[in-house]
Amino acid sequence: MNSREFRRRGKEMVDFVADYLEGIEGRQVYPDVQPGYLRALVPTSAPEEPDTFEDIINDVEKIIMPGVTHWHSPYFFAYFPTASSYPAMLADMLCGAIGCIGFSWAASPACTELETVMMDWLGKMLKLPEAFLAGEAGQGGGVIQGSASEATLMALLAARTKVTRRLQAASPGLTQGAIMEKLVAYSSDQAHSSVERAGLIGGVKLKAIPSDEKFAMRGSALQEALERDKAEGLIPFFVVATLGTTSCCSFDNLLEVGPVCNKENMWLHIDAAYAGSSFICPEFRHLLNGVEFADSFNFNPHKWLLVNFDCSAMWVKNRTDLIGAFKLDPLYLKHSHQDSGLITDYRHWQLPLGRRFRSLKMWFVFRMYGVKGLQAYIRKHVQLAHEFERLLHQDPRFEICAEVTLGLVCFRLKGSNKLNEALLERINSTKKIHLVPCHLRGNFVLRFAICSRTVESAHVRLAWDHISQLASDLLDAEKE
């Protein structure tokens, strides 16, 4: 494919994408295929001679689309939003065209410098404390990770290195192995499974702190666990506080947990993967109060801020804590400006060496929507969630299982777990809308998350009518 054909096919692809997104409401949100469907539809090996572009595009509709769950359908209410916008798609095209691997400043100066500036822009949108911003001479700063899971793992590994060095400085004969076997990290029992996974990868014990009646971790429960573990000779070193849990969008109490972590000299990492986007709105910024106690903070613009995956924003108060844990400088990666103090090499901030020019899509989205446009988008989703909540309140057969704060509603039919499992099975088997469940205090609960960029009140009401009718059918069948 030469540049002339690329121009033609590129325009065709833009039309294909625009047609797909404009017509996505008419597609079945969840596919009908069974595991292994695709292998039978493609050859057993790559073609010896080139296929035509037309054949490939035809096969997209024939082979790929039947197996796609349409996350951007206005009838997709599962998991959490995954961001999508035309400006971000255009920026991704440019990112792919430039194709730099931005592991260092020298590898492509704009790739490094735009990321630093965009993370400061975003930090200011959230009104993060100045300590988290790079500025022109700050000690903190932000980095784009691939996911919140990576950010949690990076924070844990940095905290592990920091406490190990501190303890060895105080007791030079203390081995790393002796320290490792005593390290213990903490999170709420509502934290995402990626936190537990970080503990497994990091080789440290992770303990779940029982949450309160609002599914929040409290300072007193954390302090109690710390005292018990210290009495057993363990070394508490790391805490993950969640703002907007995956199950029910609950918020750990930062104003209680933060001072405990500071007093005990433990690293506090905040995971706000979904909820963090809402903090750009003044009416939701109070949910971040207490961030000043944290050592690191992360959320995913690729969930709810119209920046396509992958774009997980992580800030640290002291970047040397992060860089110091992972810095290696082989000759082939060195460059003449790395010790100038004016720039950072992001390879020291992440697990992989390579990285794409991801800040371009932040730049495009922030400029083409503006802060006010992004705020309006968040507010619309929250309003739609409250609309669904009001519909539930009007039907005495249902109960709401957690406070509706942002764009997630947790609900269930009053009755057994088996009854609610049957309701969800009916909802998802009809494939008109798509939901996923969670467990809250032993109850099987349905989650209704406002996800699509194009979702409107009419879609929410159609979804409610569908759920209500299926519930009626189920309850009638139970009586027979």
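The values are calculated or read from the model by the stated rules, or taken from the named source; none is laboratory data. All values derive from a computational prediction rather than experimental measurement. Glycine gets a Cβ as well: all are built from the backbone with ideal geometry, and neighbour counts include every protein chain shown. Heads up: the accessible areas ignore ligands, DNA and RNA and are worked out on the full protein's heavy atoms, side chains in. Shrake-Rupley method; radii C 1.70, N 1.55, O 1.52, S 1.80 Å.
Within the chain, what's the longest stretch lacking trypsin sites (Lys or Arg not before Pro) that sit in DSSP loops with no more than 11 other Cβ atoms inside 10 Å?
Result, exposed sites excluded: 1-413.
Antiparallel versus total DSSP beta bridges in the chain: what percent is that, nearest 5?
Expressed as a percentage, antiparallel bridges in the chain total about 55.
Figure the gain on full extension for V436 and N265 (residue separation times 0.36 nm, minus the Cα-Cα span) and round it to one decimal in nm.
My answer for the length gained is 57.7 nm.
What nm value, rounded to one decimal, do you get for the distance between M65 and N289 when each label is placed 7 Å out toward the C-beta?
For M65 paired with N289, the spin-label model returns 5.1 nm.
By the scheme Lys and Arg +1, Asp and Glu -1, what is the net charge of all other residues having a beta-carbon under 15 Å from that of M125?
Residues close to M125 contribute a combined charge of +3.
Hey, any idea what % of the chain's accessible area is carbon plus sulfur with a 1.4 Å probe?
Exposed carbon and sulfur together represent 55 percent of the surface.
Express the accessible area of segment 100-356 per residue in Å², computed with a 1.4 Å probe while the remaining protein chains stay in the model.
Ligands and nucleic acids excluded, the result is 39 Å² per residue.
With a sphere of radius 13 Å drawn around the Cβ of I270, what net charge do the other residues whose Cβ falls strictly inside it have (Lys, Arg +1; Asp, Glu -1)?
That works out to -3.
Could you name the lysines in cross-link range of K214, using Cα to Cα under 20 Å and dropping any fewer than eight places away on the same chain?
K414
What accessible area per residue, rounded to a whole number of Å², is obtained for segment 383-480 using a probe radius of 1.4 Å?
45 Å²
Any idea how far apart E136 and R228 come out in nm if each label point goes 7 Å out from Cα toward Cβ?
Taking the two extended label points, one gets 5.2 nm.
What accessible surface, in Å², does a 1.4 Å probe find on E456, ignoring ligands, DNA and RNA and rounding to the nearest 10?
Counting only protein heavy atoms, E456 exposes about 80 Å² to solvent.
As a test question: what accessible area, to the nearest 10 Å², does T320 have when a 1.4 Å probe is rolled over all protein chains in place?
Only protein atoms counted, so the area is about 80 Å².
R27 to A376: extension gain in nm, 0.36 nm per residue of separation minus the Cα-Cα distance?
Length difference between fully extended and current span is 122.9 nm.
Would you tally the net charge around D473, using a Cβ to Cβ cut-off of less than 13 Å, leaving D473 out, and scoring K and R as +1, D and E as -1?
-2
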